[in-house]
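One structure is given below, encoded as structure tokens.
The values are calculated or read from the model by the stated rules, or taken from the named source; none is laboratory data. Please read all numbers here as calculations on a predicted model, not as lab measurements. Quick reminder, even Gly has a Cβ in these numbers, built from the backbone with ideal geometry, and neighbours come from all protein chains shown. These area figures cover heavy atoms from the full protein model, side chains too; ligands, DNA and RNA do not enter into them. Shrake-Rupley method; radii C 1.70, N 1.55, O 1.52, S 1.80 Å.
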Amino acid sequence: MNLKKYTVIFLLLILILGSQAVLSADMPKIYINGENKTAQLDPVKSNGAILVRSKALAQSIGAKLKWLGSINTLSITKNGKTVKMMVESPYIQINSRTIRTESPMVIKDNYTYIPFTNIMDVFGFLIEHERISNSYYLFKPESHLKEIVWGPNRQSLILKMDNIAPYRLRLTDDPKKLIVEIEKAALESNFRDKVSDKNYYLKSRRIENQATLQIVLTSKYPLPINSDEVISEENGNLLIQFMPQIASINWKQDNTLEIKTNGDINKPEVSFLEEPRRMVLDIPGVLLSEFEKNLAENKWIKDVRVSQFQFEPTILRVVLDLKEKKYLNIVNQDDSEKIVLKPAQRARVFDLAYKDHQIMFKTDAPIEPDLFTLQNPSRLVVNLFNTYREDNMADEIKVKENIVKKVRVGRFDSQIVRIVADLSEMTAYEHEQEQYSKNIYIHRISFANKFDDIELLDQNMYTNININVSGKVNYEVKKFSYPHRLVVDISGKEITPDEVKLPKPVGIIKEMRMGRFELDDETVTRVVFELSKYFNHNVVSENPDNKINIALAKSEIQSENNLIVLDAGHGGFDPGAVGSNLQEKEVNLKIVERLESILKSHGFKVMLTRKDDTFISLNKRVKIANNNGARIFISVHNNSSSKNTSNGTETFIAPNKTGDSLLLAENIQKQLIDRLELVDRGVKKEHLYVVKYTEMPAVLVEVAFLSNPREEKLLQVDGFLTEAAVAISQGIFDYFEKFKD
Amino acid sequence: MKNKLFKLILLLIIFVLVIFAVYYFIDRTNLIVKEKTVNLYFATTDAMYLETEERTIKGRNLYKEAVNALITGPTDSDLAKTIPEGVKVLNISKKNDTIRVDFSEEIVKNHWGGSAGERLTVYSIVHTLAQFKGVKQVKFLIEGEEVETLVGHMDLSVPLAPNQEIVK
């Protein structure tokens, strides 16, 4: 009876209880088919593996257990598979095979403990280990891969499954390898690989502890796929779609060359080169693979060489080495899986003329001219291959126009006729070929850049000038006083002032006139706007541009910041909400684009956080607005919930920005409800990232619900999207009006 | 004799204190099975508000059990679940007045999107956990990582406190 003794006993008690706590926390939990069997299995660690009670394990998977005491052997049988183990023996016998284990069967407290991972594997269970909770999940695979076969024409790979389980395709840096991973799947016992051959090698494995089946395909040539998105489901199987590959090149008995692929291909780009004489065909979207080449002896082609010219975009290059003075032309035919070339007759070129600002000539057979511009001096060169000039065709045509000074024709060599147009400046051009009759083809070469029209738009705060030109031009906007005049100088135009109809003056524009003059050796077309009064102006368009856009302020506005940043929600790999037909990211961008053009035409400067389908982080969107000192920030989204009855429009602001932001949000929400007539979910305050961290008044608009069938249909209608943009813009204008007060 | 009695009482008190200490320690490491009746917050079908449904939860870690019960969904057909299919709670623990909960990636991958959907998901979890003693706010992690947002609207870079406006 002394204090010391009792203290020791109590301390021991604590130690035992404490250590129990620590130990049991370290032991894994085991779930079989979703049920927690840890208690019955009583896992024990041995040599880095986990052993469990054999009887409990056999019971939980419905297997028969037999203990052969005389030879210290345990046998577990299920579905014709038998596993035999001997106490302390490192060998496990599975039917007639033997495997080795580091943690053999042991006997503890009259129970036999066996390593569970090997056993479960044998009986077809998948094992997933969750490290954080140290839990093992064992379950039968949800789907089985029965076989992998080629699709028709080797255009695709079909993975035949009995059930579709979550899958993904992974491409690696090695273009000759692709990897397919299927979760919770296993190979069927009689899995058939019908793909491996001299060009392809298929390997499958289970990813340890992740219950994922991994199939790796390696090929001799780069694989005919170009993105991760080519895997899809079809008829309950997984399908990997390939790009067409070249199959054969044959010189046929009828003296044509046939290039065949195993899929639909587009027209190639053709060019002819000399030294050595060759015809180059660049076929887009076709991949190189082993192909058949049969070039019988012929008078036209020496040899054919094929190479993969590039990836992204993918182009296959076929080079035909031509014999002296020989040419081939592509023949139009119906089969989109092949290209057929035929020896070409020399075409006759005749009737060269310059009419209606166009160079015109005729040929008696269709040809593919090669056009390019050169500088110093500026000229357009047109090479007509495999042609000859008609004797009485003009050598030279003098032209009295702005762009084209002279047109000359010559013979480049015995096979090529060359037309050269001397230009006063470099300009864009276009070539058209039209069949007029059986033996007459008309060619027209026109030069770009002419005025389309001039529009004036008078609005509340601005009078807008829009000068539309057919191609990008350099221009300068100048302001003169006494009297107030705004002048737009457009350089290098192919136009005469009396060809454009001047619109009627509106707003503060009193009068308009146009003229042309030479300025520093350049031809300038000047458009003059005489103004009744002037405050300031804003050039909204870029330079150069083909739509010159200027906003003239109609009243005293401080040359204030009028930059609006528009943010189309989501983008890239983040589609946002996904309806049955629409992706939120696309709808958001469509509304933002419409909103941008309305705001610009009202004289606002607009910047978009994204102009296309790319992903940018929330943080970056906020930075764009803050770093550019935007006046206001509008984020456009569309909504979704788990129930398809939810509907309506709502606008969000940050909880700590209730002054200007609230005014802006209320005006926008009101316009959206008035015009779109959906349910009014109101203006709400919420911790939304983009409106919280922006430093200027900011709102996030949720126009409608993609999860609601009726509203999703509306979001597919252009007019509805435009109306939404109009509503948001009107809300913005109302806000600025009220703000002025 | 008095000395002996005094010593016995002292030992008894120490014994009781030690047992309490041990239980407290064990409870901290979540080894004792507990039971509690809690309010689970689910969404109204118009996706505007959260409404509660009572349920009794039982387990070693009640925070985890509460969230798992939320994942299971409501029994009331007028309410909607707020957490998508296949979501697992990887880790959940309390530090001071903040619960840190780590979700598996299914909470993003399988989510239906939209501000409405995201708010309801986030706040159903915040409100359900905030009813436990000493819990004022919840910090969200996904696959062990800190995140900017769940599906692109809510700011999850900081812990979130309950929002009374979303509860009916």
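Key figures
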item	result
Span-rule helices in chain A, defined as complete DSSP H runs reaching 20 Å or more along the axis (Cα) with Kyte mean at least 1.0	A:3-26
Local net charge near B:Arg55, Cβ-Cβ under 15 Å (Lys/Arg +1, Asp/Glu -1)	-1
Residue-averaged 222 nm ellipticity for chain A, from DSSP H runs of 4+ at -39500 (n - 2.57), nearest 500	-5000 deg cm²/dmol
Inter-probe distance in nm under a simple model that places probes 7 Å from Cα toward Cβ, at A:Lys738 and A:Lys4	8.6
Neighbour-limited loop hits for GluC sites (Glu not before Pro), the stretch A:536-640 (at most 14 other Cβ within 10 Å; DSSP other than H, G, I, E, B)	A:Glu542, A:Glu556, A:Glu560
Partner chain coverage, peptide A:561-570 - average Cβ within 10 angstrom	1
Number of partner chain Cβ atoms within 10 Å, mean per residue of B:155-162	3
Under 5 Å, built H, 5+ apart or other chain: amide partners of B:Arg60	B:Lys34
Residue among A:Tyr689, A:Pro166, A:Thr261 farthest towards the positive dipole end of chain A, charges placed on Cβ	A:Pro166
Simple Cβ-charge dipole of chain B, Lys/Arg +1 and Asp/Glu -1, about Cα centre, in debye nearest 20	1520
Neighbour net charge for A:Leu618 - beta-carbon separation under 9 angstrom, K R +1, D E -1	0
Peptide A:644-650 - average C-beta neighbours from other chains (10 Å radius)	4
Dipole moment magnitude, nearest 20 debye, the stretch A:339-495 about Cα centre, only Lys, Arg, Asp, Glu C-beta charged	380
Alpha-carbon centroid distance for the pair the stretch A:309-362 / the stretch B:93-147, whole angstrom	64
Cleavage-rule hits, GluC sites (Glu not before Pro), the stretch A:145-251, DSSP coil, Cβ neighbours within 10 Å at most 15	A:Glu208
Estimated FRET transfer efficiency (A:Glu455, B:Glu146; beta-carbon r; R0 45 Å; 0.05)	0.30
Extension gain (nm, one decimal) between A:Lys405 and A:Asp613, 0.36 nm per residue minus Cα-Cα	70.4 nm
Set of aspartates and glutamates with alpha-carbon distance to A:Lys198 below 13 Å, sequence-local pairs under 8 removed	A:Glu290
Under 5 Å, built H, 5+ apart or other chain: amide partners of A:Phe705	A:Asn639, A:Gly648
Inter-label distance, nm, simple model (7 Å from Cα along the C-beta direction), B:Lys139/A:Arg97	4.8
Selection from B:Ile92, B:Val108, B:Leu79, by position along the positive dipole direction of the stretch B:71-118 (Cβ)	B:Ile92
Heavy-atom accessible area ranking, 1.4 Å probe, most first, across A:Phe350, A:Phe615	A:Phe615, A:Phe350
Pairwise FRET efficiency - A:Thr172 versus B:Asn91, Cβ, R0 = 30 Å, nearest 0.05	0.40
Local electrostatic count, A:Val280, Cβ distance below 9 Å [Lys/Arg +1, Asp/Glu -1]	0
Charged-residue dipole, Cβ positions (Lys, Arg, Asp, Glu), the protein assembly as shown about Cα centre, Debye nearest 20	4060
Charge-dipole axis of chain A as Lys and Arg at +1 and Asp and Glu at -1 on Cβ define it, positive-most pick from A:Ser96, A:Ser661, A:Ile403	A:Ser96
Rough spin-label spacing in nm, given labels placed 7 Å along Cα→Cβ, for A:Val270 and A:Leu68	7.9
Alpha carbon centroid spacing (whole Å) that separates the stretch A:503-517 from the stretch B:40-88	68
Potential extension, A:Thr722-A:Leu12 segment - 0.36 nm per residue separation minus Cα distance	247.8 nm
Phi-based couplings in Hz for the stretch A:510-520 (Karplus 6.51, -1.76, 1.60; Gly and Pro marked x)	8, 8, 9, 8, 10, x, 9, 7, 8, 9, 6
FRET efficiency, A:Gln214 to A:Glu522 (Cβ-Cβ, R0 45 Å, nearest 0.05)	0.10
Global form of the stretch B:80-168, assessed from the alpha-carbon gyration tensor, a/c cut-off 1.5	oblate
Eligible lysines near A:Lys478 by straight Cα distance, threshold 23 Å, same-chain separation 8 or greater	A:Lys450, A:Lys493, A:Lys501, A:Lys504, A:Lys510, A:Lys533, A:Lys547, A:Lys554, A:Lys600, A:Lys605
Euclidean distance of C-alpha centroids, the stretch A:670-728 and the stretch A:106-162, integer Å	47
Sequence-distant lysines (8 or more away, or on other chains) whose Cα lies within less than 30 Å of A:Lys438	A:Lys252, A:Lys260, A:Lys267, A:Lys299, A:Lys323, A:Lys325, A:Lys326, A:Lys338, A:Lys342, A:Lys355, A:Lys362
Surface accessible to a 1.4 Å probe, A:Leu618 within the full protein complex, Å²	20
